[in-house]
Amino acid sequence: MAMLTFATPRDRDQAAQLMQPCLIRVIDNIRKHTENLDWRSDYVEQLMWSADTTEAQRQQVKALAAQLETAEPDAAIAIRQQLDQLPTPAPAYELRLSRDDRTVTLDIWELCFQVCFYAYSLDQPVTVDESLWDKTGDIDWLVLDEKAQEIVVSAINRLIES
């Protein structure tokens, strides 16, 4: 997963407010659309590491994270300090649809980005879709849900029909 570049600081701030609602609406619309499909749907969570992260660093982060789960409070502080010095993976979520011997995959964050941003493209700075905000500056949930539904249905149908 590549890092997003924001067109403006305002886009960054608005995206921070919109991404969780986008994720919620995308997941809900995936559920609604896949209920009636004769495809099995599974969600897969993966960790995405930056390209310069070594295998040793990955193993060290995993080992420290496992230690952190059962660490005493004093030890937990030291473990967190060690983790702060290491690369941090980003979570990646996929929807896998399977039927017979065929499996197709959708990147859920990519769907969220398509909902959140105007004319989303990974190779250019992103701009938040202003239509997702109402006149008072709050999220327009109806517009958000309609856009999420349109993008989810289109993406799933395109995958399973190809």
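The values are calculated or read from the model by the stated rules, or taken from the named source; none is laboratory data. Note that this is a predicted model, so its numbers are computed, not measured. FYI the Cβ positions are ideal-geometry reconstructions off the backbone, even for glycines, and counts take in every protein chain you see. Note: areas computed on protein heavy atoms with side chains; ligands, DNA, RNA excluded. Shrake-Rupley method; radii C 1.70, N 1.55, O 1.52, S 1.80 Å.
The DSSP beta bridges internal to the chain are antiparallel in roughly 95% of cases.
Leaving out ligands and nucleic acids, note down the accessible area per residue over the range 34-88 with a 1.4 angstrom probe, in whole Å². Write out the running numbers ahead of the final one.
Values: 4170 Å² over 55 residues.
Computed with neighbouring chains in place, this is 76 Å² per residue.
Panel values: the range 81-162, Kirkwood radius from alpha carbon pairs, Stokes-Einstein at 20 °C and 1.002 mPa s, translational diffusion coefficient 141 µm²/s.
Take every Cα-Cα pair in the chain and report what % of them are more than 22 Å apart.
Working: 7223 of 13041 pairs.
Summing the P(r) of the chain above 22 Å gives 55 percent of all pairs.
Of the accessible area of the range 1-151, with the probe set at 1.4 angstrom, what percent is carbon plus sulfur? Within the range 1-151, the accessible surface is 51 percent carbon and sulfur. From the largest down, the range 46-123 spans 47, 36, 24 angstrom on the principal axes of its Cα atoms.
Annotation: amide H of Phe117 within the under-5 Å range of Asp129, sequence separation 5 or more or interchain, hydrogens built in the peptide plane. Taking the Cα centre of the chain as reference, the dipole from Cβ charges on Lys and Arg (+1) and Asp and Glu (-1) amounts to some 140 debye.
Residues whose amide H falls under 5 Å from that of Val126, counting only those 5 or more places apart or on a different chain, are Thr5, Phe6, Ala7, with hydrogens built in the peptide plane. Under a 5 Å amide H cut-off, with hydrogens placed 1.01 Å from N, Trp133 pairs with Asp140 among residues at least 5 apart or on other chains. Taking every C-alpha pair closer than 8 Å and separated by at least 6 residues, the mean separation divided by the residue count of the chain gives a relative contact order of 33 percent. Charge tally around Ser131: other residues with Cβ under 9 Å, Lys/Arg +1 each, Asp/Glu -1 each, net -2.
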